[in-house]
């Protein structure tokens with residue numbers, strides 16, 4: 001079961017990286033691209049680290065899911081607007097499934113054990 005938990009946590013991390021890539025990809029198509037290509041992923045990463053990461057400074061029962069929905073929703077909209085509606089839908093379904101699996105007790109237990117200083121699950 002621990003292997004399953006670590007696989008889910010890896011998929012969650014991959015999902016977060018893909019969201020930043022999608023935002024950067026959309027930013028590259030905007031004007032001026034040199035600004036948006038790094039600004040959008042930077043803002044999303046900062047919001048994630050403040051509110052949604054396992055060791056988030058301001059993370060709480062409401063902030064985590066709100067920021068997750070905003071980041072993954074923005075990444076899906078970015079893919080849609082960039083001309084990839086099928087990919088946007090697939091990404092949104094993948095994000096929802098992986099984050100739902102991350103709420104399983106075995107996954108949260110492994111996360112709590114491996115993150116020093118983390119408070120017990122507050123979800």
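Brief remarks follow.
- Contact annotation: no residue pair with Cβ atoms under 8 Å, 6 or more positions apart or on different chains, pairs a residue in segment 26-37 that is farther than 18 Å from residue 75 by Cβ with a partner that is modelled with pLDDT of 95 or more and surrounded by fewer than 17 Cβ atoms within 10 Å (Cβ to Cβ).
- Scope segment 19-40; condition touching a helix residue (DSSP H, G or I) at 6+ places or on another chain (Cβ under 7 Å) and within 30 Å of residue 106 (Cα to Cα); matching residues: 19, 20, 22
- Segment 54-83, residues that are in a helix (DSSP H, G or I), surrounded by fewer than 15 Cβ atoms within 10 Å (Cβ to Cβ) and over 13 Å from the mean Cα position of the chain (by Cα): 81
- Among the candidates 50, 38, 34, residue that is at pLDDT below 95 and either part of a helix (DSSP H, G or I) or touching a strand residue (DSSP E or B) at 6+ places or on another chain (Cβ under 9 Å) (or both): 34
- Pair list, Cβ under 6 Å, 6 or more apart: segment 90-112 residue at negative phi and without any contact (Cβ under 8 Å) to a residue 40 or more places away in the chain, other residue surrounded by 18 or more Cβ atoms within 10 Å (Cβ to Cβ) and in a helix (DSSP H, G or I): 92/76
- Yes/no for residue 11 being surrounded by 13 or more Cβ atoms within 10 Å (Cβ to Cβ) and under 16 Å from the mean Cα position of the chain (by Cα): yes
The values are calculated or read from the model by the stated rules, or taken from the named source; none is laboratory data. Please read all numbers here as calculations on a predicted model, not as lab measurements. Note that each Cβ is placed from the backbone with ideal geometry, even for glycine, and that neighbours are counted across all protein chains shown.
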